[in-house]
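Asks: Mind having a look at this structure? Questions to follow.
The values are calculated or read from the model by the stated rules, or taken from the named source; none is laboratory data. The model shown is predicted, which means the values in this text are computed figures rather than measured ones. Note: accessible area is taken over every heavy atom of the protein model, side chains too, but ligands, DNA and RNA are not part of it. Shrake-Rupley method; radii C 1.70, N 1.55, O 1.52, S 1.80 Å.
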Amino acid sequence: MTRTYPRTALLQAISRATASKKGFGIGSKVCVVVVNLCIQLTVADVPEEMVEIPAGAYTPMYIERAEERPVSGFLLDRRPVTNGQFLEFVRANPKWRRSAVKRLFADEAYLAHWGGDLDLGPNGDRIADSPVTHVSWFAARAYLKTVGKRLPSEDEWEYVARADETRADASKDPRFTARLLDWYGRPSPAILPSVADEAPNVYGVSGLHGVVWEWVRDFNNAMVTGESRGDSSLERGLYCAGGALGTTDPRNYAAFMRYAFRSSLQGAYAVPNLGFRGARSIERGPVP
Amino acid sequence: MKNRMSPTLFSTLVCLFGIVAVCGTESFTLPSGPSSEGSLYELESVWKSQDGNAVRLDALGGKTRVFAMGYTSCQYACPRIIADLQRIEKALDEKGIGADKVEISFISIDPVVDTPERLKALETEYGMDARRWLLLTGDEDGVLELAVALGMKYRKTTAMDFAHSNIITVLAPDGRIVYQTPEIGSDLSEALQAIESGF
């Protein structure tokens, strides 16, 4: 099946049509029916737990990458993967259990907050619906492979992470950034909140900010030292007490922290407050 | 600091992330560098050699191996990485350590451009001894996995070019990372020591 309209655009069209007090005749009812039909057609291949992110472009925060980058449409999980879901995964895949995992793929902290291989620990009931953390990049990929998904790329993740509850791009709004920094500065609770508790952004995606940080597929794309092209000064700005000077928008210090954090990671690290969610590319049907 | 974060960066990040992630719950410090405990040969990716043969990464055990990643159309650092690998080779030759004990691999991060034919041309251009040199090209996912396992950073910067860290890795016959140097033109004696310590 070929996709004709992004679903979110259709939904926005509906809400505009229904919000409008005038011009509500037969025509607009027909329009809504047609729109609903289209939604049903597109919904068919978007799993319930995912949303379709329409294609677009965004400008990453670094000067070097300051040109707008296109992002193709893709599917993204509404919520991060939970402890409960990950438990099912390790139950079915013994080599990913805490006591069996190869050190190449996960360090000693892997699932350290659980009680055992197949035991979420004394708070099991309370954390089953919380985002899983203490998972390595390799483990996240292995999990997602079993459900036919992949990690989102950094571009994809950051593209969606600019959204707040009402706008696809809230990143220029100092209040939005302030909210993120407020979270970054707050102690995290011993029991992470359930993934169901977070308000969805305009795409219907929740928990990108405010609960855990998340792995991206290409977390290793920023040079720390010894870059081959010898132009690492741009990235030096990120590390050498340069603060956010090298960024396209110094106000976006929150994004700066995410990039800095990612570049400090290695694929086997399993750390508190770092989880993940799945993404899927949209397979284009044959052009009729 | 080799392939590690600078102390300043490290403490900054520990500080940042410490505040961000762990206040009030538990504290931790990020380890540095890729895992040295795991075997790289746990990776199941399949590659192609300069002769077009399929090569499974998990079948490369049994010899000490020297790995570096780059791409053949690289004008900047890669020729220098290869020169460093050749310096290592020369030292091994002089010490009588043959290809039966140590092999050298240049592994492409550019699956689109670097066909086995391109690798073969590289072998010819640099006069690499085919018994000693195993040049590999793979697919995007295999490259990403291996690069992550080696603690290597890279990204595509233009249609033709990549920015990437310059790491030479010494792998023990069981696939453990025993030594890494990210510095181009650095003193390679430590790498050689790591290689020889295996015998």
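Asks: Can you list the equivalent-ellipsoid semi-axes of region A:120-230, largest first and in whole Å, using the square root of 5 times each Cα gyration tensor eigenvalue? If you can, show how the numbers build up before the last one.
Replies: On the way: eigenvalues 117, 97, 47 Å².
Value: 24, 22, 15 Å, ordered largest first.
Asks: How big is the gap, in Å, between the Cα center of region B:144-166 and the Cα center of region A:131-204?
Replies: One Cα centre to the other: 25 Å.
Asks: Here's another thing I want to ask about it. So what's region B:44-127 giving for Cα Rg divided by 2.2 N^0.38 Å, two decimals?
Replies: Rg over 2.2 N^0.38 Å, computed on Cα atoms: 1.10.
Asks: What are the residues whose amide H is under 5 Å from the amide H of A:Glu214, where those residues sit 5 or more places off or on another chain and H is modelled from the backbone?
Replies: A:Gly275
Asks: Given all pairs of different Cα atoms, what value in angstroms does the Kirkwood hydrodynamic radius of region A:100-185 take?
Replies: 15.9
Asks: Hey, another quick one. So what is the orientation-averaged projected area of region B:35-196, using the convex hull of its C-alpha atoms, in nm²?
Replies: Averaged projected hull area, Cα only: 8.3 nm².
Asks: Enter the mean projected area of the convex hull around the alpha-carbon atoms of region A:51-113, in nm², rounded to one decimal.
Replies: 7.1
Asks: Same structure, new question: Leaving out ligands, DNA and RNA, calculate the buried accessible area for the pair A and B with a 1.4 Å probe, summed over both sides, in Å² to the nearest 100.
Replies: Numbers: alone 15000 and 10330 Å², together 21250 Å².
In total, chains A and B hide about 4100 Å² from solvent.
Asks: Quick one: how many Å² of A:Val202 are accessible to a 1.4 Å probe, rounded to 10?
Replies: In the full protein context, A:Val202 sits at about 50 Å².
Asks: Karplus couplings for region A:267-273 from phi (6.51 cos²θ - 1.76 cosθ + 1.60, θ = phi - 60°), rounded to Hz, Gly and Pro as x?
Replies: x, 8, 4, 10, 10, x, 6
Asks: In region A:200-223, what residues drop by 50 Å² or more in accessible surface going from the chain by itself to the full protein assembly, probe 1.4 Å?
Replies: A:Arg217, A:Asn220, A:Met223
Asks: A follow-up question, please. 5 Å is the cut-off here: which amide hydrogens, built 1.01 Å from N in the peptide plane, fall below it relative to B:Gln50, excluding neighbours closer than 5 in sequence?
Replies: Correct list: B:Leu135.
Asks: Here's something else I'd like to know. Each residue of region A:205-219 in turn: what ³J(HN,Hα) in whole Hz from Karplus with 6.51, -1.76, 1.60 and θ = phi - 60°, glycine and Pro shown as x?
Replies: Couplings: 9, 10, x, 5, 10, x, 10, 9, 8, 10, 5, 10, 4, 10, 4 Hz.
Asks: In nm, what is the difference between 0.36 nm times the number of residues separating A:Ala92 and A:Asp197 and their Cα-Cα distance? Before the final figure, lay out the partial values.
Replies: Details: separation 105, 0.36 × 105 = 37.80 nm, distance 2.79 nm.
Extra length from A:Ala92 to A:Asp197 when fully extended: 35.0 nm.
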